[in-house]
């Protein structure tokens with residue numbers, strides 16, 4: 001094996017997988033109720049460059065979005081949950097949440113499919129307990145059917161547009177290593 005074939009391997013191994021964004025609540029087949037506080041929670045990578053995101057509610061069988069929250073803070077000091085109080089949301093079993101940057105159109109993740117029940121209904125889920133509202137997180141009140149002319153229900157304060165701190169250089173390490181590995185591979189092929 002030539003040195004030129006082995007050279008890019010450490011660089012590829014050094015790339016960091018920073019795209020980690022997992023919705024922990026609602027879980028699959030969870031049941032949210034109108035007239036109650038329901039919890040959205042997530043886990044995400046620390047050095048992924050996602051300082052904030054938007055949350056939208058949608059259905060599989062109907063057109064339209066319900067804009068829940070814009071610029072939800074996602075840094076390490078922020079709570080990793082959001083409380084949502086539902087009022088008059090149509091009952092159905094095909095809802096899911098979108099976590100995205102609506103400015104740039106970047107989708108980070110989606111929640112598992114869940115149900116919304118009327119306020120008079122009782123949850124029949126046997127998949128576990130319903131998460132309790134997070135007292136440290138904000139509560140957003142969402143009501144009515146999707147309305148394309150209505151903006152986000154809540155807009156959090158914008159994240160600073162300043163340059164990232166020097167301690168976040170590791171976030172760029174993976175991209176730099178991939179670039180060096182690609183250039184090294186191209187040079188090995190050409191020479």
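Since every read-out is calculated from the coordinates, none of them should be taken as a lab result. Note that this is a predicted model, so its numbers are computed, not measured. Because the Cβ atoms are built from the backbone with ideal geometry, glycine has one as well, and the counts that use them run over all protein chains shown.
Numbers below:
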read-out	value
Estimated FRET transfer efficiency when R0 is 35 angstrom, pair residue 121-residue 101 (beta carbons, to 0.05)	0.55
Label-to-label distance, nm, for residues given as residue 132 and residue 62 (7 Å Cα→Cβ offset)	3.2 nm
Simple label model, 7 Å out from Cα along Cβ direction - residue 75 to residue 145, nm	4.1 nm
Simple spin-label estimate for residue 29 and residue 93 in nanometres, 7 Å along Cα-Cβ	0.9 nm
The stretch 19-166: radius of gyration over Cα atoms, expressed as a fraction of 2.2 N^0.38 Å	1.03
Sites residue 178 and residue 48, calculated FRET efficiency, Cβ-Cβ separation with R0 22 Å, nearest 0.05	0.90
Bins of 10 Å from zero: percent of alpha-carbon pairs in the stretch 53-99	22, 51, 22, 5
